[in-house]
Each structure stands twice: as C-alpha cells, then as structure tokens.
Amino acid sequence: MNKLSYEIEKLHDYWVTIKDKVVYYYWQKLLDIVLEFWSPLKIYNLQVISDRIKQAQDYFLQSIEELDYKWNYTYCYCTKSNHFSFVINEILKNSLNNINSNSVHLETSSDFDFDIINSLNLSKDIFIVHNWYKPEKYLKSIIDIQHKFHNSICVLDNREELDDLEELINDKIKIWIRMSTYEPIAWMKESRFWIQIHDISSFYEDRISDNDKFELKMLHFFISKWISESENYFESLKNYTEKYCELKKKCSSLDTLNIGWWFPIHFDISKVYNYKNIIWKIVKTIMEVCDKHNVEHPNIFTEFWSYTVWESAINIFKVLWEKNNISRENWYIVDSSFIASIPDTWAINQKFPVIPINNLDFPFKNVLLWWISCDKDDYLSDENDWKFRLPTFDKNNPLYLAVLHTWAYQENLSWYSIWWLSHCQLDWEKILIMNTDWNIEVFFDAEDKNERLKTLGYSTKNS
C-alpha cells in the first residue's frame, strides 16, 4: 500500500472525506463533479456556512445556560469577507422575521454595503454594525439608515469620527468604541483602527456622557492572533473585560462586549480545535471578571466572518504537465493562476490545504507546483514552506488537485474585483454552488469571454 501524502494522512475535515481511496465532498465524489463540469472549478458549499453558524451559536448558548450567565450572545457576519448574494441569503435565511438569540446580524465596511442592505428583506430589529473608517459618503449612509433599523450602530475607530457624526446628525445614534490592545506589536499599538485603551474613560466622560446625541452601547476589541485555548489569550480577555467593567460603572447604557472575529479555522487540516471548550472558557472568563466587580454580565458579541465562510469553498485544478528539474523535486504545472485564484497564497504566503482527489493508488512523490501564468512568482514550493507529496504524473490518467478552505476574501482580492479581467487573461474558474439539498448549480460560466472583451474596449460581434 502506497504511503499517502502528508495532507491526506492527517486529513481531519468535516466535509472532505476519503473512503477506499475515493475523495468525497460531503456525499458526492469530487472526481465525478470535475468530470461533469471540468477544471478549473470553484465550489461553494452553503451547508457549511449554516453548520458553522449553528455550531458557534449552540456552544455559546449551552455555555451561557451551564454557567448561569445572566445575559446573551449575538452572532454577527461582516459582508466584506464575501459579498455574494447566495452567501448573505444563506446566512440570513433563519433571521429575517424572527430576531432572537439564534439570529445572525450584519456588519458593513463601506458605503457600497448599503445597496446590499437595502435590497434585503431585513427585520427592523436586526443589528447593522457600521465599522472601519468612514468617509463622508459612508457616514451619511449610516445616518440615513437610522430610521429603518432599531439597532443601527456606528463603531468609532477614532475620536474625529465623533466630531463628524455630531455635525451631521439631528437625532440620537447608538455608538460603539473600538479600543486598542495591550499587545506589544507595533502596528497593533499604533493602528489607525481604534482609540487608545487608557483614553477611553476620559473620552467617554468628556465627549459622550452628557451629549444627548450619543448612546454608548458596546466596547469592542480584537487581538492579532486567533482566539485559542492559550493562557495568553484568556489573560488578554480578562484585561479587556476589566476595562468594560470600569466603563460600565460610569455608563449605564453600555451593555455589550465585542470579542472580535479571530475564531480559529483549519489552515492545517490535521489540527482539531476544541471549539466547545474555547467558548465555555470565554463565557466563564467574562462572567468571573464581571462578578468580581459586581457588574452585570454583558451581551457577548462576535464577528466570526472568516470562521463563517472560509472552510465552505474549494478550488479544483488539473495538473497539465510535469517538468523535470535536476537539483530539486519535479514541478507539476497546473491549469490556472494561484495569484489570481487564491491571491493570499502570493500576497501573505497564507497556507491552504492541498490534496489530490484521484489517483490515490499511484505511487506518491515530492513535487512543487507551478501555475501556467507568465509570472515567475506564481508557484508554490519549499522556498515558501509549501510541501507537497502527490501521486505521480501520468498523462493518460489526469491528476486533479483540491485546494481547501478558500472562501473568505479571495474573490474580492482576485480577478472578480477587476471587471472580470484575469492574470494573463487565463480562463476563470467556473463557479458552482452546492445547495443545502446537495444539488449543484452553475453560478458563473467561465467560458463566456464577451464581458472581458467589452471591458477591454473590443467589439464582440465576431466572438
């Protein structure tokens, strides 16, 4: 029996399984999907999104009940992670007319998000959180939408935003303050995205407490590393909860603590996260600090947007050729561009799990991967810590590769964001949606090049 690749040997994934050397995506054979729709492909699995949301909600609500925590939990999704309509609709499908502890709420990042918000049939009670820096157009949209939702809330990323809001509004608006962290990382301490933690109490007393235009509802923080079971994380959580308690004693309207978005995801598919235990410790830590200070327990708010969607998509590529090298492992040449399809691999050297989906009974060997664009950096190798052990290449038995967990951000950063143009004008992936009833539909057909020609200013009459 041949030794399987490193990734397959340690595969621990809820949605990708291997049985009798056949790779399944949920209950469908991945190779059958490839042979029907061809490569390159991108498959979005909507059921994964709902499963992720329900998992976090259930664990928080269970912990709240077990610990007798005196407040609630709110799950929020930031649209910037993925804007596609089928994503947002899947996220919201159980929240539209019944806002409760099992609902999902939304966060905006720019003025564009309001066009999406206005196209949806949303309850007036849903939380709409307005985050990140706010140019005048964004601020005006935030103000204009106040009458439509009871919980439209503006996050202050800096002191100046309060000045801008005060000039523009006539009625009271709910606000949150994002506070800086204790981390020793320079860009975190000097980041443009928050107000210094030691200034928050004085900022509230000087600018907000006696101002009838503002109602402070939340303190918000995030740290630069994934939420984990480490002592460092929970020591940080204690510190931020201490600050919440300090401010709560001065501000009766403050009732929510936002612990951010860095919930762990499986870049390493061999790793198992104890989500239930992490969440239980989060609730317990916040509860203990508040009880020590005799402060009411806050509503716990999260923005697990990467966790919501990241693991719900896969890319599929075909190995076209093998190139032999003298001094190192051979190259496999693949039918797309990683720079264009999954830009985080190139921009920040983000690791994504790569597995073969067929030929698992072939001998395996060490290889490097090169995509077919002209760019010298469009490759994955041991130079940037990528390791591949894949089936040997046989041109009579085409080899297909799956890159797992590729949803969050990749579309907005890649060719989808530049008017349908692509690196070297290579063919885009055909986009497939796997619905919750396991049916597959084509969302975007990569073979139609007319829109690309129009964008470049060419006539399409002869195409």
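Odds and ends about this structure:
- Lone unmet requirement of (1) under 30 Å from Ile43 (Cα atoms); (2) without any contact (Cβ under 8 Å) to a residue 60 or more places away in the chain; (3) of a type in the set (Val, Ile, Thr) for Thr285: (1)
Okay, residues lined up against (1) part of a helix (DSSP H, G or I); (2) under 20 Å from Thr256 (Cα atoms); (3) of a type in the set (Val, Ile, Thr):
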| site | (1), (2), (3) |
| --- | --- |
| Ile116 | yes, no, yes |
| Ser123 | no, no, no |
| Val129 | no, yes, yes |
| Tyr138 | yes, no, no |
| Lys148 | no, no, no |
| Cys154 | no, yes, no |
| Asp171 | no, no, no |
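- Looking only at residues of the stretch 252-274 that are among the aliphatic types (A, V, I, L, M) and crowded, with 18+ Cβ neighbours inside 10 Å, we find that the one that is farthest from Phe221 (Cα to Cα) is Ile269.
Every residue, every condition in (1) outside any strand (DSSP E or B); (2) at pLDDT 75 or above; (3) surrounded by 14 or more Cβ atoms within 10 Å (Cβ to Cβ); (4) in the same structural domain as Lys323 (by TED's automatic domain parsing), yes or no:
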site	(1), (2), (3), (4)
Glu383	yes, no, no, yes
Asp394	yes, yes, no, yes
Val403	no, yes, yes, yes
Trp407	yes, no, yes, yes
Trp420	yes, no, yes, yes
Val442	no, yes, no, yes
Glu447	yes, no, no, yes
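- Residues in the stretch 104-114 that are outside any strand (DSSP E or B), in contact (Cβ under 8 Å) with a residue 24 or more places away in the chain and not polar (S, T, N, Q) were compared, and the one that is farthest from Tyr73 (Cα to Cα) is Asp111.
- Condition check for Lys284: within 29 Å of Ile355 (Cβ to Cβ), of a type in the set (D, E, K, R), not assigned by TED's automatic domain parsing to the domain that holds Val403 and not in a loop (DSSP other than H, G, I, E, B): no
- Each residue in the stretch 27-83 was checked for being within 20 Å of Glu429 (Cα to Cα) and assigned to a helix (DSSP H, G or I), and 10 of them qualify.
- Condition met for Ile227 (surrounded by 18 or more Cβ atoms within 10 Å (Cβ to Cβ), at pLDDT below 95 and closer than 14 Å to Ile278 by Cα): yes
Each row is one residue, and each column tells you yes or no for (1) under 28 Å from the mean Cα position of the chain (by Cα); (2) farther than 23 Å from Val34 by Cβ; (3) assigned to a strand (DSSP E or B).
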site: Lys276; (1), (2), (3): yes, yes, no
site: Ile300; (1), (2), (3): yes, yes, yes
site: Ile314; (1), (2), (3): yes, no, yes
site: Val319; (1), (2), (3): no, no, yes
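- Whichever residue in the stretch 106-139 is surrounded by fewer than 16 Cβ atoms within 10 Å (Cβ to Cβ) and within 18 Å of Leu168 (Cα to Cα) and, among such residues, is modelled with the highest pLDDT: Lys137
- Criterion (in contact with a helix residue (DSSP H, G or I) (Cβ under 9 Å, 6 or more places away or on another chain), modelled with pLDDT under 95, charged (D, E, K, R) and within 30 Å of Tyr44 (Cα to Cα)) met by exactly one of Glu329, Glu311, Glu303, Glu322: Glu311
The values are calculated or read from the model by the stated rules, or taken from the named source; none is laboratory data. Remember, it's a predicted structure, so these values are computed and weren't measured experimentally. So basically every Cβ, Gly included, is an ideal-geometry build from the backbone, and we count neighbours across all protein chains shown.
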